[in-house]
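Asks: Just dropping this structure here.
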Amino acid sequence: METLYITHPNCRLHMMHKWHPEAPARLDEINDRLLASGVSSCLRHLDAPNASDTDVLRVHTPEYLAYLKENLPQEGYFSIDNEETSMNPHTLRAAYSAAGAGILAVDEIMAGHALNAFCAVRPPGHHAERGRAMGFCFFNNLAIAARYAIEKFQLKKIAVIDFDVHHGNGTEDIFKDDPHIIMCSFFQYPLYPDCGIGNVAPNMLNTPVPAFTKSDVIRDIVLNRWLPALNAFEPELVLISAGFDAHREDEMGQLDLVEKDYEWITKQLMEVADRYAHGRIISFLEGGYSLSALGRSVTAHIKALASL
């Protein structure tokens, strides 16, 4: 079966100041790299629909959604979590499309129309908490897809994997102590948002690592912490917060991963998905701000998903 590539032109309309690293050029770089490598022609491309308010409210509070709508600017910017997380007039249009990509991916994969999917969307989502936008994120795209899958398809066990250089505090806020979810992550610590350490909840398998951690340490975490936990959990669906800012060329962090590491991690997760989830994986773009490294890393990730 096919690998889906889901995005929408709306995702390019969201801007957070001209200097901001979370910019539409990220999607352009990924698209260009996939075309140049020949990978793009091997994927089935779909435009994301808009998520509904019902979808969003499965994970976010009504007060928070109302706050975003009330403060969407007619022009210029509205700062939420300082200037680093701000809305322009098109931000919510982009956010509804970004969240809708995951909804479409769940429907297509659960219907057996595709094996897995990569959602090339922005704004990203893993820092968005139940009632708070932060870290460039407004709607938690992955969490919205997970709750939708649980409600519509009665899934009992979903694995959430987060390999962004930053801790996915929003996803943790939404899913801690949820028996349907296990979340496995590594992240640089200390680094924004300076959380994720300690025993947060039994279903949260957080592994903070210091700056300049090498790929052999990360691979050991995957082999000896993630995989035993995932095999014990036996997930019916695997969702990935795919941030690529742990790449050695990305100045957002100081970890030492390269494209081969993302390919290797993806293949380990595919084995878990093949064993328990009929191969079902949905991956969501999170961080990654060095454009060349981002394009190369996403291409390696998608090539693994598509078995190319």
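Bear in mind that the values in this text are calculations on the coordinates, not laboratory data. In this text, all values refer to a predicted model and were calculated from it rather than measured experimentally. Every residue, glycine as well, gets a Cβ built from its backbone with ideal geometry; the counts of neighbours run over all protein chains shown.
Asks: Does anything in segment 249-273 have its amide N under 20 Å from the 7 Å Cα→Cβ label point of Glu234, and if so which residues?
Replies: Only 269-273 pass the distance filter.
Asks: Right, here's the next one. For Lys260, go through the lysines and keep the ones whose alpha-carbon is under 30 Å away, minus same-chain ones fewer than eight residues off.
Replies: List returned: Lys157, Lys214, Lys303.
Asks: Could you list which residues have their amide H under 5 Å from that of Asp256, counting only those 5 or more apart in sequence or on another chain, with H placed in the peptide plane?
Replies: Close amide H contacts, sequence-distant or interchain: Thr213.
Asks: Residue by residue, what Karplus-based ³J(HN,Hα) values in Hz, rounded to whole numbers, does segment 231-242 have, using 6.51, -1.76 and 1.60 with θ = phi - 60° and x for Gly and Pro?
Replies: 5, 5, 6, 6, x, 8, 7, 10, 10, 10, 8, 9
Asks: Further question: Evaluate the distance, in nm, between pseudo-label points positioned 7 Å from the Cα of Glu271 and of Leu227 along their respective Cα→Cβ axes.
Replies: 0.4
Asks: Sticking with the crude label model, points 7 Å out along Cα→Cβ, report the distance from Arg219 to Glu70 in nm, one decimal please.
Replies: So the two model labels end up 5.3 nm from each other.
Asks: When the chain is fully extended, how far beyond the present Cα-Cα distance does Asp53 get from Ser79, taking 0.36 nm per residue of separation?
Replies: Details: separation 26, 0.36 × 26 = 9.36 nm, distance 2.22 nm.
So the chain would gain 7.1 nm between Asp53 and Ser79.
Asks: Only sites in a loop by DSSP and with at most 16 other Cβ atoms within 10 Å count here; which chymotrypsin sites (Phe, Trp or Tyr not before Pro) in segment 204-257 make the cut? Walk me through the intermediate numbers first.
Replies: Working: sites: Phe212, Trp226, Phe233, Phe244; in loops: Phe212, Phe244.
Those that pass, being in a loop and sparsely packed, are Phe212.
Asks: Tell me which DSSP H helices of the chain clear both cut-offs, 27 Å or more of axial length from alpha-carbon atoms and a mean Kyte-Doolittle hydropathy of at least 0.5.
Replies: On the way: long enough: 91-110 (29 Å, 0.92).
TM-like helix candidates: 91-110.
Asks: Subtracting the Cα-Cα distance from 0.36 nm times the residue separation, let me have the gained length for His278 to Glu249 in nm, one decimal.
Replies: Result: 7.0 nm gained on full extension.
Asks: Report, by chain and number, residues whose modeled amide H sits under 5 Å from the one on Leu237, excluding near sequence neighbours (fewer than 5 apart, same chain).
Replies: Amide H to amide H, under 5 Å and 5 or more residues apart or across chains, Leu237 pairs with Ala159.
Asks: Listed highest first by mean packing, meaning other Cβ atoms within 10 Å per residue, what order do 278-284, 63-69, 103-109 come in?
Replies: Numbers: 278-284: 24.3, 63-69: 14.1, 103-109: 22.6.
Final packing ranking: 278-284, 103-109, 63-69.
Asks: By DSSP, what percent of the beta bridges with both residues in segment 3-305 are antiparallel, rounded to the nearest 5?
Replies: Of those bridges, close to 15 percent are antiparallel.
Asks: Restrict the search to segment 203-300; then list the GluC sites (Glu not before Pro) that DSSP places in a loop and that have at most 11 other Cβ atoms within 10 Å of their Cβ.
Replies: Numbers: sites: Glu236, Glu249, Glu251, Glu259, Glu263, Glu271, Glu286; in loops: Glu236, Glu249, Glu251, Glu286.
When the GluC sites (Glu not before Pro) of segment 203-300 are filtered for loop state and at most 11 Cβ neighbours within 10 Å, Glu251 remain.
Asks: Something else: Does the chain come out rounded, prolate or oblate by the C-alpha gyration tensor, with a ≥ b ≥ c the root eigenvalues, rounded set by a/c under 1.5 and, if not, prolate when a/b is larger than b/c and oblate if not? Mind showing how you got there, number by number?
Replies: Values: a/c = 1.20, a/b = 1.18, b/c = 1.01.
Rounded, because the longest to shortest axis ratio a/c is under 1.5.
Asks: Okay, moving on. Can you list which of the trypsin sites (Lys or Arg not before Pro) found in segment 1-46 are DSSP loop residues with at most 12 other C-beta atoms within 10 Å?
Replies: Values: sites: Arg12, Lys18, Arg26, Arg33, Arg44; in loops: Lys18.
Passing both the DSSP loop test and the Cβ count: Lys18.
Asks: While we're here: Distance between Cα centroids, segment 234-281 to segment 166-223: provide it in whole Å.
Replies: 13
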